[in-house]
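The structure appears right after this line, and notes come after that.
Values quoted throughout were computed directly from the atomic coordinates according to the rules given, and no laboratory measurement underlies them. What you see is a predicted model, and the numbers here were worked out from it, not measured in a lab. Reconstructed Cβ throughout: ideal geometry from the backbone, glycine too, with neighbour counts over all protein chains shown.
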Amino acid sequence: MREAAVTRNTKETQITVKVKLDGKGEYEISTGIGFFDHMLTALSRHSGISMQIHAEGDLHVDAHHTVEDTGIVLGQALNQALGDKSGIARYGSAYIPMDEALSFCSLDLSNRPYVVFLGEFTNQMIGSYDACLTEEFFRALAVNAGITLHLNMCYGKNDHHKCEALFKAFAHALKAAVQETDGTVLSTKGAL
């Protein structure tokens, strides 16, 4: 079925995520953080993975718990939807330009979480979104989905463009990696 639903409730956040890997990139996104919603919408649409994400968090503190915990739950949902990861392409890479910005993502759905994040934002905030949370989101997602993830904001001036290009690069790399193949596990070990 290649779909999953995960709910996580803590004293800081209440988050529900549903994913359908073979969806059409349809989305219902609501986190209370406008720019983050925009990035998650782009992630769903560009990956072709249908996503329903509803998050309520302690935004009166700041957005950290909501963004990181959304990454945790989305990672868990992707991991469940992928099952034993047999019959998938496993690897994906993509460069995405957005005006003056260029971002790159390469990933491996290996069950060996690791994150390399290269790039810096010029400004602290993009709207009501703290730009430094971008790395926190991707780390939480990768650890919980079992992804080896390399992200690089190659260059750019506009933080909105740099961040959006990064989310879209991740989306296109993920789209390639989850594609179904011949049903075997792409590993000499016979398992991931």
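Can we say Gly183 is of a type outside the set (A, V, I, L, M) and either part of a helix (DSSP H, G or I) or touching a residue at least 60 places away in the same chain (Cβ under 8 Å) (or both)?
On the way: of a type outside the set (A, V, I, L, M): yes; either part of a helix (DSSP H, G or I) or touching a residue at least 60 places away in the same chain (Cβ under 8 Å) (or both): yes.
Taking the combined requirement at face value, the residue satisfies it.
I'd like to know if the stretch 127-141 contains one or more residues that are of a type outside the set (Phe, Trp, Tyr), more than 18 Å from the chain's Cα centre (by Cα) and farther than 30 Å from Gly183 by Cβ.
So far as the stretch 127-141 goes, yes, one or more of its residues are of a type outside the set (Phe, Trp, Tyr), more than 18 Å from the chain's Cα centre (by Cα) and farther than 30 Å from Gly183 by Cβ.
Enumerate the strands (runs of 3 or more DSSP E) found wholly within the stretch 1-89, keeping only those where 1 or more residues are surrounded by 22 or more Cβ atoms within 10 Å (Cβ to Cβ).
13-20, 50-57
Considering only the stretch 85-114, state which residues are closer than 25 Å to Gly34 by Cβ and either polar (S, T, N, Q) or free of Cβ contacts under 8 Å to residues at least 40 places away in the same chain (or both).
Hit for the stretch 85-114 is Ser103, nothing else.
If you check Asn111, Asn152, which single one turns out to be closer than 19 Å to Ala42 by Cα, surrounded by fewer than 18 Cβ atoms within 10 Å (Cβ to Cβ), more than 12 Å from the chain's Cα centre (by Cα) and of a type in the set (S, T, N, Q)?
Asn152 is the lone residue from the list that is closer than 19 Å to Ala42 by Cα, surrounded by fewer than 18 Cβ atoms within 10 Å (Cβ to Cβ), more than 12 Å from the chain's Cα centre (by Cα) and of a type in the set (S, T, N, Q).
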